[in-house]
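One structure is given below, encoded as structure tokens.
Quick note: the coordinates plus some simple rules give every number you see, no bench work behind them. Model, not experiment: these values are computed from the prediction. When we count neighbours, we look across all protein chains shown, and the Cβ atoms used for this are built from the backbone with ideal geometry, even at glycine.
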Amino acid sequence: YGDHRDLHSFPTRRSSDLVETEAMIHQARSLEDACLKFAGSVAGAQELLGGVDLLYSSSTLQYLPSPELGLAELIGVGAAAMALTRLSLTDGEQFTVVQKSRLSHNGPGSLPPGFRDGTVAYPLTILNRSRFEEALRQDYEIAARYRDESSDHITPRGAIRGSSYLCLRKSGGRP
């Protein structure tokens, strides 16, 4: 959001609702203003916003407990456009690996005072590209698909090349 906050200076009013965990919402509540709100669920964000023009998701689906349900929920919002970025997709069968990184690599800037850096581990689900695109095509046209190196991964099943998508709702899609 921070990289795009200046978009709110356009003459038309724009609002953003960020969907986050309750712990993150608690820490970020002081950042809320007339244009930025936080919600604990996609449904909660949609309720705050009403209609959604652009749904933007960055490196999220593959870290959800059920990425397919998460994708269905995003599609169900019925946004006019969706930008789904930094995705880990495979042409083979879907699989899950444990990703490890340094805690300090999971956000901008240095760790807050009192936090010690260390290794953290979390599941990463590599989704099947064909099923992912098939789900999108029910209600959306894939207007652009591009290579996104920021979501590349080396896994026991080989290298995963990251992808990003821009999708436009079909005229007969959900409003």
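Rounded to the nearest 500 deg cm²/dmol, what is the calculated helix-only ellipticity per residue at 222 nm for the chain, with -39500 (n - 2.57) per DSSP H run of length n ≥ 4?
Here the helix-only value at 222 nm equals -5500 deg cm²/dmol.
Across the range 78-87, in residue order, what do the Karplus-derived ³J(HN,Hα) couplings come to in whole Hz, using 6.51 cos²θ - 1.76 cosθ + 1.60 with θ = phi - 60° and x for Gly and Pro?
Once rounded to whole Hz, the list reads x, 4, 4, 9, 10, 10, 10, 10, 6, 9.
Once label points are set 7 Å from the Cα along Cα→Cβ at both SER58 and PHE115, what is their separation, rounded to one decimal in nm?
1.6
Size of the range 19-143 along its principal axes in angstrom, Cα-based, largest extent first?
Extents along the principal axes: 48, 40, 21 Å.
Points 7 angstrom from Cα along the Cβ direction at SER104 and ASN128: gap in nanometres?
For the pair SER104/ASN128, the computed spacing is 4.1 nm.
If you count the DSSP beta bridges with both ends in the chain, what percent of them are antiparallel, to the nearest 5?
Details: 24 of 35 bridges.
That works out to approximately 70 percent antiparallel.
Express as a percent, rounded to the nearest 5, the fraction of DSSP beta bridges in the range 23-123 (both residues included) that run antiparallel. Before the final figure, lay out the partial values.
Values: 5 of 10 bridges.
For the range 23-123, the DSSP antiparallel bridge percentage is about 50.
Can you find, among VAL42, THR85, TYR56, the residue sitting farthest towards the positive end of the charge dipole of the chain, where Lys and Arg contribute +1 and Asp and Glu -1 at Cβ?
Selected residue: THR85.
Normalised by the residues of the chain, what does the relative contact order come to in percent, with Cα pairs under 8 Å and at least six apart?
Result for the chain is 21 percent.
Between LEU49 and GLN94, what is the label-point separation in nm under the 7 Å Cα-to-beta-carbon projection?
2.4
May I ask you to list the GluC sites (Glu not before Pro) in the range 70-175 that are in a DSSP loop and have at most 11 other Cβ atoms within 10 Å of their Cβ?
GLU93
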